[in-house]
Amino acid sequence: MATTKNVAKKAAPAKAAKAPKAQAKKAAPAQAGKSAGRAQKLSALDAAAKVLGETGKAMNCKELIEAMAAKGYWKSPAGKTPSATLYASIIKEIATKGKESRFQKTDRGTFARR
């Protein structure tokens with residue numbers, strides 16, 4: 001008889017643990033609607049495309065990172081090699097989208113806006 005009481009007590013917290021998950025799923029769409037009203041930060045790729053469009057000249061990734069930070073479009077979140085990450089992202093977009101890509105490789109390590 002004592003074992004059935006212990007089993008019942010252990011089963012109750014398991015049900016309570018499932019309830020917050022369901023509430024979290026319901027809360028997620030509400031939070032997404034709230035952020036739509038605020039100005040969203042640009043991604044590194046979007047900021048790079050914006051800088052290249054404004055300058056009108058080809059730049060390497062290190063120059064792009066410096067220009068993006070100077071204009072306040074994007075700042076590295078404490079990454080050690082943001083220029084390498086940006087380079088890889090631009091190359092991936094060019095490979096994935098081809099002619100539809102926002103970027104064009106003009107020289108070794110240098111990109112321009114298409």
### Task
Inspect region 30-38 for any residue being at pLDDT 90 or above and in a helix (DSSP H, G or I) and give the result as yes or no.
no
### Filter result for GLY53 (more than 21 Å from THR81 (Cβ to Cβ), modelled with pLDDT of 55 or more and in a helix (DSSP H, G or I))
yes
### Message
Against the condition modelled with pLDDT of 90 or more and loosely packed, with under 10 Cβ neighbours inside 10 Å, how does GLU66 come out, does it pass?
### Response
no
## Note on the structure
Considering region 69-93, residues that are loosely packed, with under 12 Cβ neighbours inside 10 Å and over 15 Å from the mean Cα position of the chain (by Cα), and then whichever is farthest from ALA112 (Cα to Cα), we arrive at LYS80
### Message
Quick check on this structure: which one of ALA84, ALA48, ALA69 is under 13 Å from PHE103 (Cα atoms) and either touching a Ser or Thr at 6+ places or on another chain (Cβ under 6 Å) or part of a helix (DSSP H, G or I) (or both)?
### Response
ALA48
### Query
Do we find that THR96 is in a helix (DSSP H, G or I) and surrounded by fewer than 18 Cβ atoms within 10 Å (Cβ to Cβ) in this structure?
yes
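The values are calculated or read from the model by the stated rules, or taken from the named source; none is laboratory data. Owing to the predicted nature of the structure, the values given are computational and were not obtained by experimental measurement. Cβ: placed from backbone, ideal geometry, glycine included. Neighbour counts: every protein chain shown.
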